[in-house]
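Asks: Quick one: the structure is below, questions incoming.
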Amino acid sequence: MQIEHGSAQYHKMVQLRYEVLRKPLGLAFSDAELAKEKVDVLIGAFDDDRILGCCVLTEEAPKVVRLRQMAVSTRSQGMGIGQAVLRFAETLARDRGYKTLTMHARDTAQGFYEKYGYAVIGPQFMEVSVPHHVMQKSL
């Protein structure tokens with residue numbers, strides 16, 4: 001489902017992203033980073049009030065959207081939550097007229113995205129101290 005910036009669901013989403021993506025690297029979110037998300041599409045998967053997974057879609061160009069901050073709670077991994085969030089994000093992006101979905105995927109997640117038709121574009125690079133590749137898919 002779509003989440004409204006600043007809502008209780010959004011705060012749960014930020015906490016999940018922190019726990020899964022940032023805390024293990026010793027990183028946090030800045031207020032400025034989170035404020036920029038007001039214009040993004042925020043997506044979350046919930047079981048009642050508990051957040052299971054999430055991602056953010058950020059427009060990069062008129063027909064290109066970037067998937068960011070994809071996270072699934074540790075206890076929900078391996079249950080199809082990531083696939084459901086990804087498929088929902090793709091459908092939403094397609095419905096909004098985007099033709100390409102791109103991302104900076106951590107190398108550890110590359111195989112997951114390849115299963116769903118994403119291809120590596122370009123060389124490996126470091127982001128938040130972790131190896132990444134740009135990946136993309138035509139919608």
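What follows draws every value from the coordinates through simple rules; no lab data is involved. In this text the structure is predicted, and so the values were computed from the model without any measurement. Reconstructed Cβ throughout: ideal geometry from the backbone, glycine too, with neighbour counts over all protein chains shown.
Asks: What is the percent of Cα-Cα separations in the stretch 17-78 that go past 14 Å?
Replies: It works out to 64 percent of all Cα pairs.
Asks: Could you sort out which of 23/63; 36/63; 38/115; 38/137; 12/137 sit more than 27 Å apart by Cα distance in this structure?
Replies: 23/63; 38/115; 12/137
Asks: Provide the net charge surrounding residue 76, with neighbours chosen by a C-beta distance below 11 Å and charges set as Lys +1, Arg +1, Asp -1, Glu -1.
Replies: Once positives and negatives cancel, what remains is +1.
Asks: As a footprinting exposure proxy, order 20, 72 by other Cβ within 10 Å, with the fewest listed first.
Replies: Fewest to most other Cβ atoms nearby, the residues stand as 20, 72.
Asks: Report which label in (1) 0.99; (2) 1.53; (3) 1.17 holds the value of Cα Rg over 2.2 N^0.38 Å derived from the coordinates of this structure.
Replies: Identified label for the calculated read-out: (1).
Asks: Once you put a point 7 Å from the Cα of residue 61 and another 7 Å from the Cα of residue 100, both along the Cβ direction, what distance in nm separates them?
Replies: 0.4
Asks: Would you calculate, for the chain, the mean residue ellipticity at 222 nm contributed by helices, counting each DSSP H stretch of 4 or more residues as -39,500 (n - 2.57) and dividing by all residues, to the nearest 500?
Replies: Roughly -7500 deg cm²/dmol at 222 nm, from the helical runs in the chain.
Asks: In what sequence, highest mean first, do 116-122, 130-136 appear when ranked by Cβ atoms within 10 angstrom?
Replies: 130-136, 116-122
Asks: Another question about this same structure. Lys/Arg Cβ at +1, Asp/Glu Cβ at -1, dipole of the chain taken about the Cα centre: which of 44, 101, 3 is farthest positive-ward?
Replies: Checking the options against the dipole of the chain, the answer is 101.
Asks: Ordered by packing density, taken as the mean number of other Cβ atoms within 10 Å over each peptide's residues, highest first, how do 81-87, 106-112, 64-70 rank?
Replies: The most tightly packed comes first, giving 64-70, 81-87, 106-112.
Asks: Continuing with the same structure: Give me the distance between the Cα centres of the stretch 19-91 and the stretch 98-135, rounded to whole Å.
Replies: So the separation of the two Cα centres works out to 15 Å.
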